[in-house]
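Bear in mind that the values in this text are calculations on the coordinates, not laboratory data. This one's a predicted model, so the numbers in the text were calculated from it and none came from an experiment. Cβ coordinates were reconstructed from backbone atoms using ideal geometry, including for glycine residues, and neighbour counts include every protein chain displayed.
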Amino acid sequence: MSSAKSIELRGRRGRIVVHRWSANEPKFVTLIAHGIGEHAGRYAHVAARLVAEGATVYAPDFQGHGLSEGERARFETIDDLVDELASVYEAARKAHPELPVVLVGHSLGGLTSTRFVQRDQPELAALVLSGPVVGGNPQFEALLTMDPLPDVPIDPRILSRDPAVGEAYAADALIYHGPLHRGTLEAIFAGARKVQEGPNFGDLPTLWIHGEGDVLAPLDVSTTAMNRIRGTRIEEHVYPGAQHEVLNEINKDEVLNDVVGFLRGALRAQRQASTP
């Protein structure tokens with residue numbers, strides 16, 4: 001895999017840095033949408049596995065995150081992030097008009113990806129959702145009844161059973177380690193309610209992966225939400241004991257194998273469908 005390069009796009013709220021990894025002879029494009037407070041650099045290992053499969057990967061730092069401009073971890077509506085993801089999609093399609101595109105979204109990025117699919121109906125070969133917050137989080141939503149909002153940053157220990165993941169998260173200067181802002185929480189929960197209104201995913205090949213022990217996107221409310229928007233071609237994996245970041249879990253190789261296997265099948269089906 002070539003080393004990560006970056007491009008810059010102009011967003012409504014300032015500069016967007018997009019990380020890019022590429023196979024020597026790319027066969028498909030992958031967009032990766034990260035979660036709240038983090039950045040796309042945390043998905044370098046995912047990009048490496050996908051590049052080995054022939055992908056060119058575009059992974060933005062959403063505004064207010066990572067290397068991009070903007071007030072840290074703040075946005076007004078989920079559509080702010082959807083607009084940014086749409087800009088990355090258009091840039092990738094322009095650079096590789098002949099290649100199929102797949103979208104991978106984790107947590108808030110999963111919610112953003114879902115809204116993007118519903119709102120813009122982009123031409124995608126597949127969608128992968130990792131611990132998407134499409135069902136919201138009743139415990140966090142209850143915080144909005146309090147004034148002032150309690151200072152409750154994300155605890156790195158609840159991300160993965162691998163302690164090294166939490167340690168690296170806590171030491172990462174590009175991650176926002178402060179409390180979640182009221183406006184941001186309101187935007188997330190409003191976005192979750194919006195996506196549950198549909199439309200569903202139709203015949204878009206979709207993989208939903210989730211940790212059984214996820215406390216940031218609890219499995220029960222996530223399942224209820226996914227049942228409302230699932231399409232006709234959905235595959236799902238719930239990993240026993242896993243926490244929120246299944247792509248960083250102690251069984252991450254198993255998870256990545258599931259992702260790669262799913263994408264191989266979806267891309268193969270698309271090729272067969274397009275062959276006269």
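Farthest towards the positive end of the charge dipole of the chain, among the residues F189, V238, G202, is the Cα of G202, using unit charges on the Cβ of Lys, Arg, Asp and Glu. Shape class of region 1-56 from the alpha-carbon gyration tensor: prolate, with a/c at 1.5 or above and a/b greater than b/c. Each part gets one Cα centre, and for region 92-150 versus region 194-239 those centres are 11 Å apart.
What ranking do 233-246, 20-33, 155-168 get when scored by the average of other Cβ atoms within 10 Å per residue, highest first?
Details: 233-246: 18.5, 20-33: 20.1, 155-168: 16.4.
Per-residue Cβ counts within 10 Å, averaged per peptide and sorted highest first, yield 20-33, 233-246, 155-168.
Note the listed values (1) 17.4, 62; (2) 17.7, 53; (3) 20.9, 65, then indicate which one is Rg and Dmax of the Cα atoms in Å calculated from this particular structure. Checking each listed value against the structure points to (1). Sorting 58-66, 4-12, 105-113 by average packing, meaning the other beta carbons within 10 Å per residue, from highest down gives 105-113, 58-66, 4-12. Within the chain, antiparallel bridges make up roughly 35 percent of the DSSP beta bridges whose residues both belong there.
Around the amide H of H237, modelled in the peptide plane, lie the amide H atoms of W208, I209, H210, all under 5 Å away and 5 or more residues distant in sequence or on another chain. Taking amide H as placed 1.01 Å from N in the peptide plane, T56 has its amide H under 5 Å from the amide H of A23, K27, F28, V29, T30, each at least 5 places away in sequence or on another chain.
Between the listed residues V51, A217, G110, the Cα displaced farthest toward the positive end of the dipole of the chain, a dipole computed from Cβ unit charges relative to the Cα centre, is found at V51. Each Lys and Arg Cβ is given +1 and each Asp and Glu Cβ -1; about its Cα centre, the chain then shows a dipole of about 740 debye.
Once every DSSP H run of n ≥ 4 in the chain is given -39500 (n - 2.57) and the sum is divided by its residues, what mean residue ellipticity at 222 nm do you get, rounded to the nearest 500 deg cm²/dmol?
Values: 8 runs with 102 residues, N = 276.
Estimated from H runs of four or more residues: -11500 deg cm²/dmol.
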